[in-house]
Amino acid sequence: MSVFAGPLSRLIDELKRLPGIGQKSAQRIAFHIESAPRENAERLAQAVLEVKERIGLCSLCNNLTEHDPCDYCSDPRRDRSVICVVETPYNVVGIERIHEFHGLYHVLHGALSPLRGIGPEQLRLKNLIERLKDGITEIIVATNPNVEGEATAVYLSKLIRPLGIKVTRIAMGIPVGSELEFADEVTLLKAMEGRREI
């Protein structure tokens, strides 16, 4: 028998399915929703439904969008010769925050991970290959600095470089504000490999 009433228990169970939400957080959120005015719960429910109904993938870059093509792909001010390849739509947000990249994006919706059964067929690569015919001069691989991200970067390089297109990888290394003594060997190695003249 559940400690909570049926509907509250079901809400907690559904909230726990969200990334980063454990039992205690789910309980707090569920109790907040229950004690808030009905209009708040209706707005939340409507917002969730609206996302499911109105958000889709851009047919060019696979980013989340309300209209196709997305704002990045349809912006005439963006450099159409450079594509930054990322794993998730959330990565696009991170890169846009620095206000330095003005090219296009391509979202893979994952990274190669043989242990989890994710191969090239599971990534959104088909439309990337199609886009390479449109005057692309550089592909910037901005996958995560982990085993899966590195495997994906190497795969993309081997796939694209024979087409005569420059393939670069974002630099990795010591984060600003940290100290060398706390960095692991792989981070230090990447920092040494990515060094540049000052």
Given the conditions (1) surrounded by fewer than 16 Cβ atoms within 10 Å (Cβ to Cβ); (2) modelled with pLDDT under 90, report the number of the one that L163 does not fulfil.
(2)
Residue that is more than 17 Å from I83 (Cα to Cα), surrounded by 12 or more Cβ atoms within 10 Å (Cβ to Cβ), of a type in the set (G, A, S) and out of contact with any helix residue (DSSP H, G or I) (no Cβ under 7 Å at 6 or more places or on another chain), where the choices are A151, A171:
A151
Considering segment 108-125 alone, what residues qualify as being exposed (fewer than 14 other Cβ atoms within 10 Å of the Cβ) and not in a loop (DSSP other than H, G, I, E, B)?
P114, L115, R116, P120, E121
Being farther than 17 Å from V141 by Cα and either in contact with a Gly (Cβ under 9 Å, 6 or more places away or on another chain) or not aromatic (F, W, Y) (or both) narrows it down to one residue among T65, T88; which is it?
T65
Determine if segment 42-56 includes at least one residue that is in contact with a strand residue (DSSP E or B) (Cβ under 7 Å, 6 or more places away or on another chain) and closer than 18 Å to Y90 by Cα.
yes
Could you check segment 161-188 and list, in sequence order, the residues that are of a type in the set (A, V, I, L, M, F, W, C) and outside any helix (DSSP H, G or I)?
I165, V167, I170, A171, M172, I174, V176, A183
Can you work out which of the residues in segment 10-27 that are surrounded by 13 or more Cβ atoms within 10 Å (Cβ to Cβ) and not aliphatic (A, V, I, L, M) is nearest to Y90 (Cα to Cα)?
K16
Residues that are modelled with pLDDT of 90 or more and surrounded by fewer than 11 Cβ atoms within 10 Å (Cβ to Cβ): does segment 87-95 have at least one?
yes
Identify, please: which residue in segment 134-148 is of a type in the set (S, T, N, Q) and in contact (Cβ under 8 Å) with a residue 40 or more places away in the chain and is, among those, surrounded by the fewest Cβ atoms within 10 Å (Cβ to Cβ)?
T137
I need every pair where a residue in segment 115-127 that is under 20 Å from C58 (Cα atoms) has its Cβ under 6 Å from the Cβ of a residue that is not polar (S, T, N, Q), sequence separation at least 6 or different chains.
L123/L108; L123/G110; R124/L108; R124/H109
Conditions (1) assigned to a helix (DSSP H, G or I); (2) over 16 Å from the mean Cα position of the chain (by Cα); (3) over 19 Å from C58 (Cα atoms); (4) aliphatic (A, V, I, L, M): number failed by A153
(2)
Would you please list the contacts, defined by Cβ atoms under 9 Å and residues six or more apart or on different chains, that run from a residue in segment 166-179 that is at positive phi to a residue that is crowded, with 16+ Cβ neighbours inside 10 Å and aliphatic (A, V, I, L, M)?
G173/A183; G173/A191
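The values are calculated or read from the model by the stated rules, or taken from the named source; none is laboratory data. All values reported here derive from a predicted model rather than from experimental measurement. Positions of Cβ are backbone-derived with ideal geometry, glycine not excepted, and every protein chain shown enters the neighbour counts.
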